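The values are calculated or read from the model by the stated rules, or taken from the named source; none is laboratory data. Because the structure is predicted, anything quoted here is derived from the model rather than measured. Positions of Cβ are generated from backbone atoms using ideal geometry, with glycine treated the same way; all protein chains shown enter the neighbour counts.
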Amino acid sequence: MPDRLVAVKRMSDQDRWGPILTLLAELIDALANEPAPVDLGPLTARIVALEAAVAALQVPPTPAVLLTQFAEALEAVVQAPPGKPASFTVTINAERNSQMAFQIVDSDTGRVASVTYVDALGFPTTDEGATVSFSSSDDAVLTVDASSGAVTPVAPGNAQVQASVTNSDGSSISGVPADVEVIAGAAASFSVSVA
C-alpha cells in the first residue's frame with residue numbers, strides 16, 4: 001500500500017474531515033485490490049460520492065484539494081512496479097476472424113500458442129519462472145504441444161487452446177483461452193473426367 005494512502009488513513013483518524021478522507025482511502029484501496037482487468041465502474045461511483053460529499057461541506061478543504069490528494073495517491077498506485085501475474089490470456093500467431101477467434105487453415109503447421117500476463121491491477125507483467133502447460137479442448141479439431149505450444153490443425157471445426165499456469169512462487173492463476181477456428185484450405189489437387 002502506498003505511503004500516501006497510509007497517511008490519508010492516518011489523517012482520517014485525526015481530522016474532522018474523517019468520513020471524506022476515509023472515502024478517499026477506500027477509492028485507492030479499491031483500485032489496488034481490483035481483480036484484473038481493472039473495472040473502473042465502482043471506482044467512478046465512489047469518485048462521484050466523494051465529490052458530492054465535499055461539495056456539501058462548502059468549507060475548506062475544497063474539492064480541488066481532496067481530489068488532488070486522490071490523484072496523487074492514485075499516481076502512486078499506478079507507478080508501483082508491476083506485480084506478480086494474476087491472470088493471463090492465450091494468444092496464437094494467427095489472424096482473427098470477425099468473431100474474434102483465431103483462424104487457422106487445416107494445412108497450416110506453423111502456429112504457436114503463448115500467454116501474456118497482467119498483474120492484479122491489469123498492467124502487463126512477466127514471470128520468467130512460471131510454468132505453462134498447453135492443451136486443446138478438442139483433439140479432433142486441433143492438438144497442442146503441452147510444452148512448446150505448437151498448434152497442429154486436424155480437421156475443420158472450433159476448439160480452444162487452453163493453458164495451465166503456475167507462478168514461480170507456486171500459486172496457480174486462471175486465464176482466458178484462445179478460441180480457434182480451423183478452416184479448410186484450398187484443394188491440393190483435382191481431376192477432371194471426360195466422357
Which of the residues belonging to the range 108-157 are of a type in the set (A, V, I, L, M) and either under 25 Å from Ser168 (Cα atoms) or touching a Lys or Arg at 6+ places or on another chain (Cβ under 8 Å) (or both)?
-> Val112, Ala113, Val115, Val118, Ala120, Leu121, Ala130, Val132, Val144, Ala146, Ala150, Val151
Quick one: in the range 122-143, of everything that is in a strand (DSSP E or B) and under 23 Å from the mean Cα position of the chain (by Cα), which residue is surrounded by the most Cβ atoms within 10 Å (Cβ to Cβ)?
-> Phe134
Residue list for the range 161-177, filter: part of a strand (DSSP E or B) and in contact with an Asp or Glu (Cβ under 6 Å, 6 or more places away or on another chain) | none
Taking the range 118-174 as the search range and keeping residues that are among the acidic types (Asp, Glu) and modelled with pLDDT of 95 or more, which one is farthest from Asp106 (Cα to Cα)?
-> Asp145
Residue ID - surrounded by the most Cβ atoms within 10 Å (Cβ to Cβ), chosen from residues in the range 144-176 that are hydrophobic (A, V, I, L, M, F, W, C), more than 20 Å from the chain's Cα centre (by Cα) and farther than 13 Å from Ser114 by Cβ | Ala159
